[in-house]
Amino acid sequence: MTTAPRLGLLGCSDIAARRTLPALLRTPGLRLTAVAARDPGRAADYAARFGGVAAASYEELLTRPDVDAVYLSLPTLLHARWAERALTAGKHVLVEKPLAANGADARRLFALAGERGLVLLENFMFLHHGTHRTVTALLDSGALGPVRAVSAAFTIPPRPDDDLRYDPLLGGGALLDNGVYPLRAALRFLGGDVTVAGASLRHSRRFGVDLSGAVLLTGADGATAHLRFGMEHHYRSWYEIQGTLGTLSVEHVYTTAADHRPVIRLATGRDVEEIAVPAEDHFEAVLRFFATAVRDRGAVAPRLRLLDEESLRQAALLDETRARGGPPADLAGVQRAPQRAGGERGAHRAKQKTENKMK
């Protein structure tokens, strides 16, 4: 494919409107041609704001000849189902994290993408930010020596009671929402040959989802990763890598604002260096990568292969984490909160001030 891939949007989410679609308008390698949502009015509104036409349904969008690829921004437990339908329809897929809630779904999807010769990319933006490139270069240079330990955390404050993160039927819970970020970071720094040595998940009987947790990973060479996540905490978005020669850490690493200039703290011996990273919109970065992969997979083949392997291993580690994290809440006792009026939700949004600034 030599022309700009034509993109269809499946699911009119808030993050798509706030960050992904505005970034798409600034990305010359892609253009939006169709939008589908459960609510036709919402689809028409998004199409008017960002381009393309409103499709009558998800199914209709996948049959359109003017759609080469889809950006899938639906609730978590719908990701695998609609990614499979999109791949079956011959469309490349960029899907919000996590691609799949379990290892079996991930294996099936990547097998299907391979059979069809299609790109399937899980949307972890932080892996495409300049911060991550700088950290990778430092590790490759031997500045830290062999990596012995990774610590990472991604936590957010409580959300409104009717937030989708609290709905078990849509894939809610902290592990799938923010736990996958430190898990993915650990996979990149320790490699895929890691196992879950221990895990703890704090379940809510009221909502039927996990509200927080921690995971201990071990590598084949004995290196470890201690990961924390949750949605009942002060905001934290951080990782630290400790080697035999030094330690580096960086804040605001998973949901970096486009105008934020991250600072990597590198400690070697008694010296501490602060390395400033230029501001960058990682939404634009991942869209550029996806567009390149669709047009010419060979140009990004090694990087795409690594991302695919990490996505597969990550999904398997989710299974291991749940197996070791303790029994889930009894869903028979779950009482879903009624939908709140806009004014009531406003009081909760004030508590998200810190988080929203960084997204």
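The values are calculated or read from the model by the stated rules, or taken from the named source; none is laboratory data. All values reported here derive from a predicted model rather than from experimental measurement. Neighbour counts run over all protein chains shown; Cβ positions are idealised from the backbone, glycine included. When the accessible area is computed, the model is the full protein with side chains, heavy atoms only, and any ligands, DNA or RNA have been set aside. Shrake-Rupley method; radii C 1.70, N 1.55, O 1.52, S 1.80 Å.
This table checks each residue for (1) under 24 Å from Phe110 (Cα atoms); (2) among the small types (Gly, Ala, Ser); (3) open to solvent by 30 Å² or more (accessible area, probe 1.4 Å).
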| position | (1), (2), (3) |
| --- | --- |
| Ala17 | no, yes, no |
| Thr27 | no, no, no |
| Glu60 | yes, no, yes |
| Ala89 | yes, yes, yes |
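In region 101-114 there is at least one residue that is open to solvent by 10 Å² or more (accessible area, probe 1.4 Å), aromatic (Phe, Trp, Tyr), touching a Ser or Thr at 6+ places or on another chain (Cβ under 9 Å) and not in a loop (DSSP other than H, G, I, E, B).
The set of residues from region 148-202 being within 14 Å of the chain's Cα centre (by Cα) and of a type in the set (Asp, Glu) comprises just one member, Asp177. Is it the case that region 19-28 has a residue that's over 18 Å from Leu164 (Cβ atoms), under 23 Å from the mean Cα position of the chain (by Cα), of a type in the set (Gly, Ala, Ser) and modelled with pLDDT of 95 or more? The answer is yes; a qualifying residue exists.
From the residues in region 199-214 that are among the charged types (D, E, K, R) and part of a strand (DSSP E or B), which one is least open to solvent (accessible area, probe 1.4 Å)? Filtering first and then ranking leaves Asp210. Scanning region 235-282 for residues that are polar (S, T, N, Q) and either assigned to a strand (DSSP E or B) or buried (at least 18 other Cβ atoms within 10 Å of the Cβ) (or both) gives Ser237, Gln242, Thr247, Ser249, Thr255, Thr256, Thr268. Sub-7 Å Cβ pairs linking a first residue in region 25-44 that is at positive phi to a second residue that is modelled with pLDDT of 95 or more and among the polar types (S, T, N, Q), at least 6 apart or interchain, number zero.
For region 46-58, give me each residue that is hydrophobic (A, V, I, L, M, F, W, C), closer than 17 Å to Arg19 by Cα and open to solvent by 20 Å² or more (accessible area, probe 1.4 Å).
So the first thing to find is which residues in region 46-58 are hydrophobic (A, V, I, L, M, F, W, C), and the list is 47-48, 50, 53-56.
With closer than 17 Å to Arg19 by Cα added as a condition, the list becomes 47-48, 50.
Residues satisfying the conditions are Ala48, Phe50.
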